[in-house]
1. Condition check: assigned to a strand (DSSP E or B) and under 18 Å from residue 270 (Cα atoms). Does residue 33 satisfy that?
2. Find all pairs meeting these conditions: Cβ atoms under 7 angstrom apart; at least six residues apart or on different chains; first residue within segment 52-72 and in the same structural domain as residue 30 (by TED's automatic domain parsing); second residue at pLDDT 90 or above and loosely packed, with under 14 Cβ neighbours inside 10 Å.
3. Restricting attention to segment 178-194, which residues are in contact with a helix residue (DSSP H, G or I) (Cβ under 8 Å, 6 or more places away or on another chain) and closer than 22 Å to residue 105 by Cβ?
4. Could you pull out the residue among 160, 139 that is touching a strand residue (DSSP E or B) at 6+ places or on another chain (Cβ under 6 Å) and within 17 Å of residue 207 (Cβ to Cβ)?
5. In segment 162-186, which residues are within 11 Å of the ligand (Cβ to nearest atom) and either assigned to a loop (DSSP other than H, G, I, E, B) or closer than 18 Å to residue 144 by Cα (or both)?
6. Output the number of the condition that residue 9 fails; it satisfies all remaining conditions of (1) modelled with pLDDT of 95 or more; (2) within 24 Å of residue 218 (Cβ to Cβ); (3) in contact with a helix residue (DSSP H, G or I) (Cβ under 8 Å, 6 or more places away or on another chain).
7. Kindly provide the set of residues from segment 138-161 that are at negative phi and not in a helix (DSSP H, G or I), ordered by number.
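The values are calculated or read from the model by the stated rules, or taken from the named source; none is laboratory data. Remember, it's a predicted structure, so these values are computed and weren't measured experimentally. Ideal geometry is used to build each Cβ from the backbone, glycine not excepted, and the neighbour counts take in all protein chains shown.
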Ligand code: VTB
């Protein structure tokens, strides 16, 4: 993939973040998601790829846009798989909490795992701990390995976990091991990626979240050199069959990062909507808005944080008929 594409995709997540940011704290997660999806769709139309959404807003019959199987881009080569989460953290935006991002990952056709929207058990760590942790190993062992790899004491290691009753046992095991915990209300992509930044305040992500979010996190960690392992968690026969239909023969398999993201040519882009471990959220300054976007390419290993200052009165995005219509509905 041409490196210029990375910047084109950055404009896509910026647009989603700018649109969703208007709904921060308004208690309407559907409207926020709708805004992010619509803005992303508008921008995708300008990107020179022949893309298929392999992870998106759901199946064709349940999502009007960015559904799994939808073709996006201008329809010109390269052919790519696209994993998108236009608003990772709809509840976060609705309540005005921290941790919402607009995110996507792009890789050559057929190289991202086609994961249904079911749960996935995950472990994410940074480059130093690569190959030293194992999903399924005792929590205490994994934490010890992370501490050693980072030259920290166990009591200085920070593990991020989604605050859910299903994680009570992990929380207890981490506490027994003596490590620190940050519980989050939602949004496990940003802390998963942040685990690879030595000064982010996150050393590990553990627990069960969404499978699509898992593949997106794996794409980022592939760029940055971290490690990620995952196991699908189908909770019913229907979900297990859905995995099989999507080509996953063994639903109990522990996937290594290179099995979730098979290509070495990956682009990961995320823009902050509200502040997170990774990025600052959208801020307004008079008639301008400031966004922070993370852009990574695995081929070069370059990691860019792009701060953009948008003129809200001149931005073509806000002149688009579809976006204008959505914004009119904000009270
Ligand atoms: C997970 C997590 C996401 O939603 O999908 C979660 O990966 C849903 O889990 O980051 P619950 O059913 O337990 O709420 C997010 O937190 C946000 O999309």
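1. On the way: assigned to a strand (DSSP E or B): no; under 18 Å from residue 270 (Cα atoms): yes.
It is false that residue 33 is assigned to a strand (DSSP E or B) and under 18 Å from residue 270 (Cα atoms).
2. 52/69; 52/71; 53/69; 60/69
3. Just the residues of segment 178-194 that are in contact with a helix residue (DSSP H, G or I) (Cβ under 8 Å, 6 or more places away or on another chain), to begin with: 178-189, 192-193.
Within segment 178-194, 184, 186, 187, 188, 189, 192, 193 meet the criteria.
4. Details: 139 fails: touching a strand residue (DSSP E or B) at 6+ places or on another chain (Cβ under 6 Å).
Selected residue: 160, the only one of 160, 139 that is touching a strand residue (DSSP E or B) at 6+ places or on another chain (Cβ under 6 Å) and within 17 Å of residue 207 (Cβ to Cβ).
5. First pass over segment 162-186, keeping only residues within 11 Å of the ligand (Cβ to nearest atom): 162-167, 184-186.
Hits for segment 162-186 are 163, 164, 185, 186.
6. (3)
7. Pass one, segment 138-161, residues at negative phi: 138-150, 152-161.
Those that are at negative phi and not in a helix (DSSP H, G or I): 138, 152, 153, 157, 158, 159, 160, 161.
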